[in-house]
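The values are calculated or read from the model by the stated rules, or taken from the named source; none is laboratory data. The structure presented is a predicted model; accordingly, all values stated were derived computationally and were not measured. Virtual Cβ from ideal backbone geometry, glycine too; neighbours counted across all protein chains shown.
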Amino acid sequence: MRTSPMLAGGREEKERRRTGSLFGAGTAGILTRAAISYLILGQVIAAWAQTAPVSPDHPWHAMQERQIEQDAKRFREPRFSIEPDKAYSLPELIDLAEAHNPETRVAWEGTRAQLAELGIARSELYPTLAAIALSATNRVEILFGDRFYRQTLEAFDGALELNYTIFDFGARAGRIAAARAQLLASNFAFNDTHRKLIYQVEQAYYGLLNASGQEEAARANLVNAQTAQQAAEDRLNNGLATLPDVLEARSATAQAGYDLEAVLGAEEIARGDLATALGTSATAAIRVQPLEQIPTPESIGDTVDRAIDRAFEQRPDLMQQLAEVRSANARIKEARSAYYPTLNVNARPTAESLYGLQQTAPWAHSADLTGGLTLNLNWTLVDGGARRNRLAQAEANSRAAEAQVSATRDQITNEIWTAYSNLRTALRQRQSAIALLQAASQSYAATLESYKYGVRNFLDVTSAQRTLAQARSTDVLARTQVLTAVANLAFQTGDAIQPGARRPGP
């Protein structure tokens with residue numbers, strides 16, 4: 001019902017008189033309550049507001065810091081148990097790492113999120129249907145003649161709104177193709193996370209084997225130094241040696257003990273590195289198989305060209321970049337679709353129910369089914385070059401992705417060549433270390449025996465002892481270098497994550 005200006009003016013005048021009387025009666029009380037409420041609200045905001053540091057020369061401390069500290073105390077990562085009496089092999093350690101290292105879960109959840117992104121893109125192929133329910137009550141005083149009449153209107157509406165894009169010249173298809181390519185890239189990134197984690201465990205494992213082997217070598221060197229010291233002291237007691245010989249022997253023993261302590265510290269660090277790679281606390285005690293039980297390869301069973309070809313076929317980081325090229329090409333298709341129109345349809349059937357009551361009349365009711373059907377054709381004719389620049393941007397991104405693939409292939413070739421050369425060098429060094437250890441062991445034994453009979457002096461003994469100690473350390477390092485080089489070549493080719501590939505181990 002349309003209200004005349006006279007009726008509207010009368011209603012405004014009545015509201016003005018009603019409001020004026022209210023303010024005239026309790027204005028002071030209302031203002032007092034408002035001021036108190038404002039003061040309380042200001043205190044609450046000041047208590048919860050986050051502030052910047054007061055000055056640059058002092059750390060920041062506030063209530064929020066204590067709350068975060070409490071959250072940090074309550075946050076505990078799940079840990080898995082390590083069997084203290086079990087000597088774990090490398091495949092078992094890799095399985096533990098893949099199951100418990102948080103990096104794999106981060107990559108997995110990222111892939112699941114990308115799968116949901118593809119589902120969102122695919123949903124554009126289907127119509128959207130929304131249910132709408134409205135209820136409103138409106139009560140007014142209408143001036144008619146010299147009296148006001150109360151009128152109440154109640155409305156109840158229920159509607160369904162259907163929206164659907166009939167055609168868009170490939171915009172949705174481009175977004176779906178891009179999302180599908182991004183999901184593929186995310187899957188390859190997930191595989192690359194496993195590839196890197198396996199290599200991390202292998203490095204930590206072989207580092208621990210090297211530290212344990214160095215400990216055994218250091219203990220053997222300490223025993224040799226103590227044996228030489230005992231021989232020098234025996235000869236001194238028999239009047240066949242001098243005091244400087246004994247002092248030199250004691251110095252060599254002390255140096256061997258010092259070297260042993262340094263190796264023990266390095267071994268503790270190596271155990272912490274391995275525990276961290278597995279996804280548990282660095283304080284966890286993990287026993288591994290000794291170095292003597294690990295077979296060491298003696299040759300390379302593959303050529304560098306075949307290794308490079310395998311890397312081009314299965315390296316997940318390269319596959320990820322190829323998927324990025326697909327996504328960039330799909331974005332070009334999406335950008336081109338902006339030059340063409342889109343056609344949308346909208347249907348909205350509405351069930352409406354109205355109730356009305358006037359002061360001098362009974363309730364009135366009306367119900368009907370209304371709605372509308374709309375076809376919307378949208379075609380952008382001029383946009384200041386936005387479509388052209390978006391298309392140019394998408395094409396540039398595609399060319400950049402292709403160039404990145406070429407750069408990655410060159411990098412992979414260099415990495416394979418380096419890993420292959422390092423493995424060949426490690427194998428040759430291993431053979432030299434074996435010969436060095438044999439010669440140093442024989443030299444030390446012969447020199448010590450000759451010293452006992454007075455044929456050689458003690459300086460010859462200490463020199464042979466240092467050579468033997470270095471040979472033992474070199475032998476351990478050469479063995480672990482071969483194992484690490486083999487793992488590095490498998491890491492660079494992507495063999496470690498292939499279903500048919502054998503994981504390195506005894």
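The table below gives the values:
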item	result
Among the candidates 166, 120, 132, residue that is under 42 Å from the mean Cα position of the chain (by Cα) and modelled with pLDDT of 95 or more	120
Which listed residue, of 418, 380, is within 43 Å of the chain's Cα centre (by Cα) and not in a helix (DSSP H, G or I)	380
Wholly within the stretch 50-126, helices (runs of 4 or more DSSP H) carrying at least 3 residues that are touching a Leu at 6+ places or on another chain (Cβ under 7 Å)	90-100, 102-122
In the stretch 235-262, residue surrounded by the fewest Cβ atoms within 10 Å (Cβ to Cβ) [restricted to those that are at pLDDT 90 or above and among the charged types (D, E, K, R)]	261
Any hit, the stretch 496-505, residues being surrounded by fewer than 17 Cβ atoms within 10 Å (Cβ to Cβ), within 50 Å of the chain's Cα centre (by Cα) and part of a helix (DSSP H, G or I)	no
Condition met for residue 436 (part of a helix (DSSP H, G or I), of a type in the set (A, V, I, L, M, F, W, C) and under 48 Å from the mean Cα position of the chain (by Cα))	yes
When residues of the stretch 132-151 are limited to those that are among the charged types (D, E, K, R) and free of Cβ contacts under 8 Å to residues at least 60 places away in the same chain, the one nearest to residue 347 (Cα to Cα)	139
Which numbered condition residue 95 misses (of (1) surrounded by 10 or more Cβ atoms within 10 Å (Cβ to Cβ); (2) in contact (Cβ under 8 Å) with a residue 60 or more places away in the chain)	(2)
Every pair of residues 6+ apart whose Cβ atoms lie under 7 Å, when the first sits in the stretch 352-366 and is closer than 11 Å to residue 150 by Cβ while the second is among the polar types (S, T, N, Q) and surrounded by 10 or more Cβ atoms within 10 Å (Cβ to Cβ)	357/152; 358/151
Residue in the stretch 277-287 that is farthest from residue 211 (Cα to Cα), counting only those that are in contact (Cβ under 8 Å) with a residue 12 or more places away in the chain and surrounded by fewer than 21 Cβ atoms within 10 Å (Cβ to Cβ)	281
Any hit, the stretch 432-439, residues being touching a helix residue (DSSP H, G or I) at 6+ places or on another chain (Cβ under 8 Å), surrounded by 16 or more Cβ atoms within 10 Å (Cβ to Cβ), touching a residue at least 40 places away in the same chain (Cβ under 8 Å) and of a type outside the set (D, E, K, R)	yes
Residues located in the stretch 191-221, provided they are buried (at least 20 other Cβ atoms within 10 Å of the Cβ) and hydrophobic (A, V, I, L, M, F, W, C)	197, 198, 201, 204, 208, 209, 211, 217, 218
Flag for residue 79 being modelled with pLDDT under 90 and under 25 Å from residue 195 (Cα atoms)	yes
Residue within the stretch 492-504 that is closer than 18 Å to residue 288 by Cα, at pLDDT below 90 and out of contact with any His (no Cβ under 8 Å at 6 or more places or on another chain) present	yes
Qualifying residue in the stretch 253-275 (condition: under 20 Å from residue 487 (Cα atoms), among the hydrophobic types (A, V, I, L, M, F, W, C) and under 22 Å from the mean Cα position of the chain (by Cα))	yes
Residue 321 assigned by TED's automatic domain parsing to the domain that holds residue 433, surrounded by 15 or more Cβ atoms within 10 Å (Cβ to Cβ), modelled with pLDDT of 95 or more and more than 30 Å from residue 151 (Cβ to Cβ)	yes
Residues of the stretch 207-266 classified as free of Cβ contacts under 8 Å to residues at least 40 places away in the same chain and not in a helix (DSSP H, G or I), total	3
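Here's the yes/no breakdown for (1) assigned to a helix (DSSP H, G or I); (2) at pLDDT 90 or above; (3) closer than 25 Å to residue 179 by Cβ; (4) not hydroxyl-bearing (Ser, Thr, Tyr):
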{"site": "282", "(1), (2), (3), (4)": "no, no, no, yes"}
{"site": "300", "(1), (2), (3), (4)": "no, no, no, yes"}
{"site": "333", "(1), (2), (3), (4)": "yes, yes, yes, yes"}
{"site": "355", "(1), (2), (3), (4)": "no, no, no, no"}
{"site": "369", "(1), (2), (3), (4)": "no, no, no, yes"}
